[in-house]
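Heads up: the structure comes next, in structure tokens.
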Amino acid sequence: MKISVLGLGYVGCVSAACLADSGHTVVGVDINPVKVGVLNEGRTPIIEREIEEIIARARKEGKLRATTDIAEALRDADASVVCVGTPSKPNGSLDLTYVERVCREIGELLRGRERRHIVVIRSTILPGTMRSMVIPTLERSSGARAGVDFGVCFNPEFLREGTSVYDYYHPPKIIVGSANRDDASAVMAMYEGIDAPRFITELEVSEMVKYADNTFHGLKVCFANEIGDICKELGIDSGDVMNIFCSDTKLNVSRNYLKPGFAFGGSCLPKDLRALTYKATSMDLKVPVLSAILESNEYHLRRGIRMVMDTGSKRIGILGLSFKEGTDDLRESPIVSLIETLLGKGYELKIFDRNVNLARLVGANREYIEKHIKHISRLMTEDVGELTAFAEVVVVGNKSDEFKAIVEGLGERHTVIDFVRLADRIDTKARYVGFCW
């Protein structure tokens, strides 16, 4: 492809050089004539391992050059890759001045153009920016329609300073967001030969992934530091602790626990978090990340309660009482807390949970049920039909296998509030509301 790369900062320079090294013909654009001159001399305007050799090779092969003239760069280009900066404003919001300006200039150059051109935004922007600013700016300045007369895609980068060339050729994933699958496929083809998981998705999803990634990276640093602080005070080698922690790719460094849903509960997580944060406090340590976990969990519980109350219905059916499927354990179950709150506010409830019903008779948690939640256990039914006939709102509290079929059998008079995402697709006549989706 013939590609223009707009902005020769860190991301733009590496993207331009590596695209050229992969066989594309690339013209880099920057308003700084020094950067342009340095690159045209076959040298690098940034400090980065391997980039000097790649630029020199691409220049020698005639695959890479730079200019300050955006019109010259776009004249024969199939795609424009926007890599301009999105710095923070003093209040923390993003300054989109450079992105908007470049989009306006690209749009003006696309006016009346018959050859299809794809605008690829690689700058980091918040979800919704493509639809609220990028596409309208391009359409206004070009007089053309995005997705029809020209393509628009979002293609986030995952380059770390110091290893960005390696990261370009060995990315954790390649993501292209677009409303037009053909345009997305064309952009994905720019990375032919690179082995990585590939995702073509919605614009907003592609925008959000970068923020989910970077927020999680920051969270991991702070989590490790707070664990390290506690270890140091206790005379424990934090390196050994975290090496063992990271060796667990089944639960710790894995997909587990990283799916949006309702608050956590059970006999371990709340108790152990309280104990560890209490220990830290007793040693005069501040652990704001660890301390905020239970606070966040409580917020999600309150949010779930509010969602039920906002329906305006008073007859509530609960599918799943234990804190997760396949167990009868009710200790610190957030569903129990939700039920107690609703009862206190005068709601009528019926509850179905096959495992808990069995536990009332023979289970190890029978004593807990009788002592702590006897008032709740009286609300339980063994007949799902009785619950669905009674309830106006059905709350899904865990992922028991049988619940999906029950929800899909509900009628138009029901509202379903799904706390656990029973499935990616639910076919039901009921009004369906997901908790975090």
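The values are calculated or read from the model by the stated rules, or taken from the named source; none is laboratory data. All figures in this text were calculated on a predicted structure; none of them were measured in a lab. Methodologically, a virtual Cβ is constructed for each residue, glycine included, from the backbone with ideal geometry; neighbour enumeration extends over all protein chains shown. Heads up: the accessible areas ignore ligands, DNA and RNA and are worked out on the full protein's heavy atoms, side chains in. Shrake-Rupley method; radii C 1.70, N 1.55, O 1.52, S 1.80 Å.
At a glance:
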read-out: Simple Cβ-charge dipole of the range 203-340, Lys/Arg +1 and Asp/Glu -1, about Cα centre, in debye nearest 20; value: 440 debye
read-out: Residue (of 335, 346, 292) at the positive-pole extreme of the range 288-346, dipole from beta-carbon charges; value: 346
read-out: Point-to-point label distance, residue 259-residue 437, nm (Cα→Cβ direction, 7 Å offset); value: 0.8 nm
read-out: Cα centroid of the range 2-50 to Cα centroid of the range 267-319, whole Å; value: 49 Å
read-out: Potential lengthening between residue 315 and residue 219 on full extension [0.36 nm per residue; Cα-Cα distance subtracted]; value: 30.5 nm
read-out: Gain in span if fully extended, residue 160 to residue 94, counting 0.36 nm per residue against the direct Cα distance; value: 21.7 nm
read-out: Rough spin-label spacing in nm, given labels placed 7 Å along Cα→Cβ, for residue 299 and residue 386; value: 4.0 nm
read-out: Cα centre as origin, Lys/Arg/Asp/Glu Cβ charges: the chain dipole, Debye; value: 700 debye
read-out: Net charge over other residues, Cβ less than 13 angstrom from the Cβ of residue 82 (K, R count +1; D, E count -1); value: -1
read-out: Accessible area expressed per residue, the chain, with surrounding protein chains retained (probe 1.4 Å, Å²); value: 51 Å²
read-out: Debye, to nearest 20: dipole size of the range 1-112, +1 on Lys, Arg Cβ, -1 on Asp, Glu Cβ; value: 60 debye
read-out: Computed FRET value (nearest 0.05) for residue 61 with residue 375, which takes r as the C-beta separation and R₀ as 60 Å; value: 0.15
read-out: Highest-first arrangement of 253-265, 164-176, where packing means the average Cβ count within 10 Å; value: 164-176, 253-265
read-out: Given [x] 23.1, 68; [y] 27.6, 82; [z] 20.4, 60, the label whose value is Rg and Dmax of the Cα atoms in Å derived from this model; value: [y]
read-out: Linear extension gain, residue 284 paired with residue 113, 0.36 nm per residue minus alpha-carbon span; value: 54.9 nm
read-out: Förster radius 41 Å - calculated FRET efficiency between residue 34 and residue 145 (Cβ-Cβ, nearest 0.05); value: 0.60
read-out: Square roots of 5 times each gyration tensor eigenvalue, C-alpha, the range 215-272, largest first, Å; value: 22, 15, 12
read-out: Cα gyration tensor shape for the range 297-355, rounded if a/c is under 1.5, else prolate or oblate; value: oblate
read-out: Shape of the range 1-144, Cα gyration tensor, a/c cut at 1.5; value: oblate
read-out: Apportionment of accessible area to carbon and sulfur, the chain, percent (1.4 Å); value: 51 percent
read-out: Label-point separation, residue 212 to residue 242 (7 Å along Cα→Cβ), nm; value: 2.4 nm
read-out: Dipole axis of the chain (+1 Lys, Arg; -1 Asp, Glu on Cβ), positive-most option in 276, 407, 93; value: 407
read-out: Protection proxy ranking, peptides 270-282, 132-144, average beta carbon neighbours within 10 Å, highest first; value: 132-144, 270-282
read-out: 28 Å Cα-Cα threshold exceeded, pairs from 35/220; 271/314; 220/345; 220/279; value: 35/220; 271/314; 220/345
read-out: Dipole of the range 1-158, positive end: most advanced residue of 56, 123, 148 [Cβ charges, Cα centre]; value: 148
